[in-house]
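Comments concern the structure below.
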Amino acid sequence: MAGFLDTDIKFLKGVGATRAKTLASELEIATFRDLLFNFPFRHIDRSRFYTIGELCGDDLPALQIKGRFISFSKEGEGVKQRLSGIFSDGRKLMECVWFSKIQYIAGSLKTGVDYVIFGKPNLFRNAYSMVHPEVEAYDPSKPPTGFRGVYSVTETMRKKGFTTRLMQNLVSNLFANTGYATIEETLPEEIVRGCSLMPLRDALRQMHFPDNAHALRKATERMKFEELFYVEAHILRFSMERGSRIPGYVFRTIGEKFNGFYFNVLPFELTGAQKRVLKEIRADMKTGRQMNRLLQGDVGSGKTMVAFMSMLMAVDNGCQGALMAPTEILATQHYETLCGWAAPIGVRVELLTGSTRAAKRKEIHAALESGDIDIIVGTHALIEDTVVFRRLGLAVIDEQHRFGVAQRARMWRKNSVAPHVLVMTATPIPRTLAMTVYGDLEVSVIDELPPGRKPVTTLLRYDTNRHEVDRLIGSQLREGRQVYIVYPLIEENEKLELKSLEEGYKRTCETFPSYRVCFVHGGMKPAEKDHQMDLFVRGEARIMVATTVIEVGVNVPNASVMVIENAERFGLSQLHQLRGRVGRGADQSYCILMGKVKAAAETKKRLSIMTETTDGFLISEADMKIRGPGDMEGTQQSGLAFNLHVADLARDGQILSKAREVALSVLRGNPGLLAPGCTATEASPGDPSPIPLTARSAAVVASELRVRFARSEDWSRIS
Ligand code: ADP
Ligand code: MG
């Protein structure tokens, strides 16, 4: 019965029209389902007293322990002072730590008195501790209050009388409703049993009101598994269909243009990684199936050359190549680079962007259709419906994260035969994650920089070092170099940010009066922005003060200093991208991270990773550990067809691989779940054995996939 879950939340006991409105506007809770799946963000366990010895694992809820303090000591000086109390439950010891109100706490707590401490135990070096626990005198007559969830309640909700307690009551009213028993299992029963998962109805109850920590863990595991199972099933289904259905051009020969370029024009030796990747691409384009490959390579690793030589393979086989960039400036730079390489071998390259004049545009359209143009470089203008190719054999998309999957799909529609697709990105996504989230893409990695590059020297500096930084900038300017100064732009606080950006611009102009300074931010008109960027690209302006809107991939080899203000506001991957704007020439370059003297130790540690390594993959992995992949640049706008609510790709790796394996088995055992007329690709050695489902279970999977990925169905159907 779908009825219960889809019931309007206003009909729930305790809600009504007014509260329903608040729930909808503040938390997007409109139905019983929404409330049921609005899980607590943490739990409080006051169901009983724990002993220190039984604590296990590193993600414990806040819980209570009975015992006595044995000793107190103050450590450190001034703002760094802290109070440490050693607490004993009669058998084992645990440290409690306070960083503020130290005098007051030290004065009010005593040793040798029975207390109940309450807080979240943190595991560090095999020992648990609690930071700022709640401490109260032990009162044997006070009953335990249970194991409860804590819910997010916004400020607006608070003003209207919402509390965690009220949320708990509302959820509990849901469970008391007789309709609750009608909720149906959303995983195939074979899987629930086979993987020993907690059934849905139990799991939901345990998520909100766990019986104990073990039950909560099992419930969480089930919810995460389910989420990842469907994501994987969706991705695998899509890639199996693609594998079996989408034919591609067969590029049999390495021909005259490629060889002519390789032997006579190529201005340097290819790196080993470039050669390997070109081989991978060549192998793909021979199979008769459409290539769909992600090319990851750190900034400056030479992806453009790989793109160009791959397009030559298309040209040699009677096809055209297209290179699409996210911005006009980037497209123009690519165009100029490619013209220099293509002219000597008689390959015609043209540029098509939003600002191409009407007459020129018409001429290009005609030449693309007749096949006179071999390679076209451009922006989104390339995927307008008016653009028709004679035979587009390879489409290369640079800087993937600005284009979604839907746009990729649009390019395929341009031909009767789908072009091979190569997506290039400098955002290093750890390989395991890439395979999972991009499932339908093969991944190639350029993990080697061209020889002779000097690694960028990265320095962490503070406001107190301003003069030293100015001196460094000054000396680089005198040597003829160019400098970027970048400010963060955070939307909620745009006014304030703009002010600090403008002040930075003013200060820079005053400090370096003899150099032209250009100024770029997101609020500018595109034409003005382009003009300012252009001043810098042409070297007329020697300093650029900008927000992070500065174009990804812009190549100004003469720039040797990148100053990043308020560096703590950036993610590591973003810092790495920005740093990649310098160090493109042979001379020493600098990246200066301006931090706050007062920043937390953790922040400083995070920033110091940047000073220790220039390896984008290490940085990206560190970033993912710290922030979780949801926040990672590149995964967010890359056209992921899903959001994760309970699972976390960075932490739930094991559940993820299990979910992927089970999803693969289910699809293999039930080809009916694939699109009509499509057969699963042949099993590879090591693939898990197929799991046949009952008709009922297969229907459950089919319907969940439909509901969960309704929006992405249409692009997955494009062939
Ligand atoms: P990215 O991967 O960031 O797009 P580019 O393709 O812009 O990097 O390459 C950066 C610079 O390195 C360019 O000037 C390019 O000509 C040069 N380059 C590329 N491959 C090599 C190589 N094998 N040896 C020397 N220089 C190279
Ligand atoms: Mg590039």
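Each value in this text was obtained by applying a stated rule to the coordinates, not by laboratory testing. Bear in mind that the values here come from a model prediction, so they are computed numbers and not experimental data. Note: ideal-geometry Cβ built from the backbone for every residue, glycine included; neighbour counts use all protein chains shown.
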**Asked** Roughly how big is region 13-166's charge dipole about its Cα centre, with Cβ charges of +1 (Lys, Arg) and -1 (Asp, Glu), in debye to the nearest 20?
**Response** 420 debye
**Message:** Given the options L351, Q476, T425, identify the residue whose Cα lies farthest towards the positive end of the charge dipole of the chain (+1 on Cβ of Lys, Arg; -1 on Cβ of Asp, Glu).
**Reply:** Q476
**Message:** Looking at the calculated P(r) for region 1-90, what percent of the C-alpha pair distances fall above 15 Å?
**Reply:** 74 percent
**Neighbour net charge for A215 - beta-carbon separation under 10 angstrom, K R +1, D E -1** = +1
**Complete:** Per-residue ellipticity at 222 nm attributable to helices in the chain (runs of n ≥ 4 DSSP H, -39500 (n - 2.57) apiece, nearest 500 deg cm²/dmol) works out to -12000 deg cm²/dmol
**Message:** Skipping prolines and chain starts, which residues have an amide H placed within reach, meaning under 5 Å, of the one on R391, given they are 5 or more residues away or on another chain?
**Reply:** Q320
**Request:** Return the Cα extents of region 192-345 along principal axes one, two and three, sorted largest first, each rounded to a whole Å.
**Result:** 75, 33, 30
**Asked** Just how large is the dipole of region 26-69 about the Cα centre, in debye to the nearest 20, putting +1 at every Lys and Arg Cβ and -1 at every Asp and Glu Cβ?
**Response** 400 debye
**region 362-402 - Rg (one decimal) and Dmax (whole number), Cα, Å** = 10.6, 32
**Listed residue (G393, V666, F49) projecting farthest to the positive dipole end of the chain, Cβ model** = F49
**Asked** In terms of modelled amide H atoms, which long-range or inter-chain residues lie less than 5 Å from the amide H of M424?
**Response** L295, I397, D398, E399, Q400
**Item:** Sequence-distant residues sharing a close amide H with V377 (under 5 Å, placed H)
**Value:** L323, E350, L351, L352
**Item:** Kirkwood hydrodynamic radius (C-alpha pairs) into Stokes-Einstein, region 501-629, 37 °C and 0.692 mPa s, D in µm²/s
**Value:** 207 µm²/s
**Message:** Net charge around M285, counting only other residues with Cβ within less than 14 Å of its Cβ (Lys, Arg = +1; Asp, Glu = -1)?
**Reply:** +3
**Asked** Any idea what angle helix 695-708 forms with the longest principal axis of the chain, computed on alpha-carbon atoms, 0 to 90 degrees, nearest 10?
**Response** 70 degrees
**Asked** Taking the Cβ of L535 as the center, what net charge do the other residues with Cβ under 13 Å away carry, scoring Lys and Arg +1 and Asp and Glu -1?
**Response** 0
**Exposed-loop-free span, longest in the chain, where chymotrypsin sites (Phe, Trp or Tyr not before Pro) count as exposed if DSSP calls them loop and at most 15 other C-beta atoms lie within 10 Å** = 269-719
**Asked** When H365, H214, H234 are ordered from fewest to most other Cβ atoms inside 10 Å of their Cβ, what list results?
**Response** H214, H365, H234
**Request:** Please work out the ratio of the alpha-carbon Rg of region 495-542 to 2.2 N^0.38 Å and round it to two decimals.
**Result:** 1.18
**Request:** Taking a cut-off of 14 Å between Cα atoms, list the aspartates and glutamates near K499, but don't count ones fewer than 8 places away on the same chain.
**Result:** E491, E565
**Asked** Straight-line reach from K303: which aspartates and glutamates have a Cα under 19 Å away, not including same-chain ones fewer than 8 places off?
**Response** E269, E280, D284, E328, E336, D398, E399, E442, D447, E448, E551, D615
**Request:** Treating the Cα atoms of the chain as identical point scatterers in vacuum, please give the log10 of the normalised Debye intensity I(q)/I(0) at q = 0.06, 0.07, 0.09 Å⁻¹, two decimals.
**Result:** -0.47, -0.64, -1.01
**Request:** Treating cross-link reach as a plain straight distance, find the aspartates and glutamates whose alpha-carbon is under 19 Å from the alpha-carbon of K120, omitting any fewer than eight places away in the same chain.
**Result:** D45, E54, D58, D59, D89, E95, E134, E136, D211
**Prompt:** Which distance in nm do the two modelled labels at T694 and S657 give, with both placed 7 Å along the Cα-to-Cβ direction?
**Reply:** 3.3 nm
**Asked** Can you give the FRET efficiency for T186 and T613, using 1/(1 + (r/R0)^6), R0 = 30 Å, r = Cβ-Cβ distance, to the nearest 0.05?
**Response** 0.10
**Item:** Whole-Hz ³J(HN,Hα) from phi, Karplus 6.51 cos²θ - 1.76 cosθ + 1.60, for region 168-182, glycine and proline x
**Value:** 4, 5, 4, 4, 5, 5, 5, 5, 6, 5, 5, x, 4, 5, 8
**Complete:** Ranked on Cβ counts within 10 Å of their own Cβ, fewest leading, D385, D470 go D385, D470
**Item:** region 217-272: equivalent-ellipsoid semi-axes (sqrt of 5 x gyration tensor eigenvalues, Cα, Å)
**Value:** 47, 19, 5
**Message:** Per residue, how big is the convex hull of region 44-136 when only Cα atoms are used? Give it in Å³.
**Reply:** 99 Å³
**Asked** Fewest to most neighbouring Cβ within 10 Å: what's the order for C591, C518, C339, C96?
**Response** C339, C518, C96, C591
**Item:** Dipole in debye (nearest 20) - the chain, about Cα centre, beta carbon charges: Lys, Arg +1; Asp, Glu -1
**Value:** 860 debye
**Message:** Could you tell me what a quarter of the Cα convex hull surface of region 117-178 works out to, in nm² with one decimal place?
**Reply:** 7.6 nm²
**Request:** Could you check how many percent of all C-alpha pairs in region 75-190 are farther apart than 22 Å?
**Result:** 60 percent
**Asked** For region 146-232, what size does the Cα cloud have along each of its three principal axes, sorted from largest down, in whole Å?
**Response** 47, 28, 25
**Complete:** Here the averaged projected area of region 43-82, based on the convex hull of its alpha-carbon atoms and given in nm², is 4.6 nm²
